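Only the coordinates and a few stated rules stand behind these numbers; no lab work does. None of these values were measured; they are calculated from a predicted model. Note that each Cβ is placed from the backbone with ideal geometry, even for glycine, and that neighbours are counted across all protein chains shown.
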Amino acid sequence: MQDLKPKVLLTAAAGAFFVLYGPVLRRLAQDWLHDDNYSHGVLIVPLAAYFVWERRRRLATIVPAPSMFGLVFIAGGLAMLLAGMLGAELFLARFSMIPVLIGSLLFVLGWRALRILAFPLGFLLLMIPIPAIIFNQIAFPLQLVASQVGEAGLSAMGVPVLREGNVMILARTTLEVAEACSGIRSLISLLTLGIVFGYFTDSRTSVRTGIALAAIPVAILTNGLRVAGTGVAAHYIGPEAAEGFFHTFSGWLVFLLAFVLMFIIARLLLRMMPLRTAPTPSAA
């Protein structure tokens, strides 16, 4: 009966969570399906569920040690949910799910279970779109960086270009590096990919962190190359080469290049920091 009690509490907590956060989750799923910046969000929950399933044996060995401190997390999360709903602040309402999940885990199973599931819970943060005010603060500098890299690439290939901010003036057309071309979309997707790729590549935190952080310069570099490639195509073919099929295809091509670069960086990190194996005893 004692083994049954935590399962009953977890089932009740899960049911209450989905009833309480049903509208929030539905709106979040709509953003995943309709906002290209967060289309990767559909993969976050299944991957987090897999990470939990992967830890099932460790969870089975723990003795439940409920902590009343979990109620503090739950109360704080519910307060954020209420504030977010009253103030129409989507980020606050969505973020409140994390402290509520942490608090429920603490209240039912205790700190050891929280330590085991820390990574899956932290991984869930990637499914939440960042606030627009922060998004814009990141997107505009990335637009300028993409324009600078694109200008350098065009100049290196002998294409005359004049850049003013995020606008590049060519002989036959003018290209503007808009917010959609800033690279923030590929940055968010590559960061998620880097975290997952690092997780399955090596068990060491340092290697996983290095692979994940490598997504930032890789995303900036490859997006700048995409801008430069678009400029070259527009210079030799015409303005129509900067839109339509070519623009969409170049996005997929650049993302593939970014993944190859991430793979190369991961191999270099593993070569620089090889796993240390215990020495085998010599034969008598």
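Just one residue in the set Y50, Y38 is under 25 Å from the mean Cα position of the chain (by Cα) and more than 17 Å from I128 (Cβ to Cβ); that residue is Y50. On inspection, P99 does not qualify as loosely packed, with under 15 Cβ neighbours inside 10 Å and not hydroxyl-bearing (S, T, Y). Each residue in the stretch 51-87 was checked for being of a type in the set (S, T, Y) and either surrounded by 11 or more Cβ atoms within 10 Å (Cβ to Cβ) or part of a loop (DSSP other than H, G, I, E, B) (or both), and 1 pass. Among residues of the stretch 205-221 that are on the phi < 0 side of the Ramachandran plot, those with a Cβ under 8 angstrom from a residue that is among the polar types (S, T, N, Q), sequence gap 6+ or separate chain, pair up as V207/T201; R208/T201; I211/T201; A219/S186.
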